[in-house]
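Nothing in this text is a laboratory measurement; each read-out follows from the coordinates by a stated rule. Small disclaimer: the values here were computed from a predicted structure and weren't measured. Cβ: placed from backbone, ideal geometry, glycine included. Neighbour counts: every protein chain shown.
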Amino acid sequence: MEFVTYEQDGYVGIITINRPKALNALNSAVLEELDATFKAVDLDTTRCLILTGAGEKSFVAGADIGEMSTLTKAEGEAFGKKGNDVFRAIETFPIPVIAAVNGFALGGGCEISMSCDIRICSENAVFGQPEVGLGITPGFGGTQRLARLVGAGMAKQLIYTARNIKADEAYRIGLVNAVYPLEELLPAAKKMAAGIAANAPIAVRNCKKAINDGLQVDMDQAIVIEEKLFGDCFETEDQKAGMGNFLEKDKEKKLKVVPFQNK
Ligand code: CAA
């Protein structure tokens, strides 16, 4: 891979978008490599992913403006679909994905962070959807996910004004869960990922699916989705070990990582 690196750290996989000369901007090649990287993750040995950008300045500075500048209407729509397909695959990826936003997260950069389950960022992070200043709409899910994450009113204000916001404001409006000094960001992401990975993996996956799928439907249907995924956890080794440890009051055993198994 030229633009994406993958590192395995125990049960945690770290995916880094590595095109620092262009502040990690997303061109077609980066999108294709990202897609291939996610598809290649070994789900038997990986329980949580971290997505970050190379360098100390930028997470992702957006979709590649040079590549987009000459597109026709049909090509523009196809480019939007290309990004949307990859981002939707991240959003629905079976295991949690934490975005460690280490600098600029503009346009497609803000959008890819929003397709992750959890966003944390460095103090130098800058978020925004500057597209209307470029004569286009956000095209990799920004009009949809920003409104769902921070509410329609705030999303409309940010998108219509194309105003960038700093880390503290992103935290205040709920776009990120926490802000760290830059050097502490990746360690914090790894600590969170390891904490997630220490929990029962089938249960964590089912929680992600329940939340994601439940948000697409009304509450009556949503609780049925939860009931099925809750029921699906029973009879698994994870459930037997997790509850058995509690009932045996065995603190040592309780701390043990429940081994992954499919059923
Ligand atoms: N596309 C292509 N190249 C980009 C880029 C992008 N989105 N963002 C930065 N770069 C390139 C620059 O062209 C520059 O390349 P050269 O050295 O070859 O000239 C290099 O990265 C460094 O950038 P700057 O010199 O501009 O760095 P800076 O520190 O002065 O400014 C910045 C940083 C404020 C992030 C500025 O680069 C910038 O505004 N970038 C564009 C941000 C943007 O508008 N993103 C949204 C894109 S549209 C989109 O994403 C649509 C969608 O929803 C799908």
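One table, with the values for the structure above:
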| item | result |
| --- | --- |
| The range 146-168, residues that are more than 11 Å from the ligand (Cβ to nearest atom) and either touching a Ser or Thr at 6+ places or on another chain (Cβ under 8 Å) or not in a helix (DSSP H, G or I) (or both) | GLY151, ALA155, ARG163, ILE165, LYS166, ALA167 |
| Count - residues of the range 90-137 that are outside any loop (DSSP other than H, G, I, E, B), touching a Gly at 6+ places or on another chain (Cβ under 9 Å) and either surrounded by fewer than 24 Cβ atoms within 10 Å (Cβ to Cβ) or not hydrophobic (A, V, I, L, M, F, W, C) (or both) | 9 |
| Hey, GLU91 away from the ligand (no atom under 13 Å from the Cβ) and free of Cβ contacts under 8 Å to residues at least 40 places away in the same chain or not | no |
| Selection status of PHE140, of a type in the set (Phe, Trp, Tyr), within 28 Å of GLY195 (Cβ to Cβ) and crowded, with 23+ Cβ neighbours inside 10 Å | no |
| Matching option when the condition is under 15 Å from the mean Cα position of the chain (by Cα), at negative phi and within 14 Å of the ligand (Cβ to nearest atom), among PHE104, PHE140 | PHE140 |
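Each row is one residue, and each column tells you yes or no for (1) within 14 Å of the ligand (Cβ to nearest atom); (2) free of Cβ contacts under 8 Å to residues at least 60 places away in the same chain.
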{"site": "TYR6", "(1), (2)": "no, yes"}
{"site": "ALA40", "(1), (2)": "no, yes"}
{"site": "THR46", "(1), (2)": "no, yes"}
{"site": "THR52", "(1), (2)": "no, no"}
{"site": "SER58", "(1), (2)": "yes, yes"}
{"site": "SER69", "(1), (2)": "yes, yes"}
{"site": "PRO96", "(1), (2)": "no, no"}
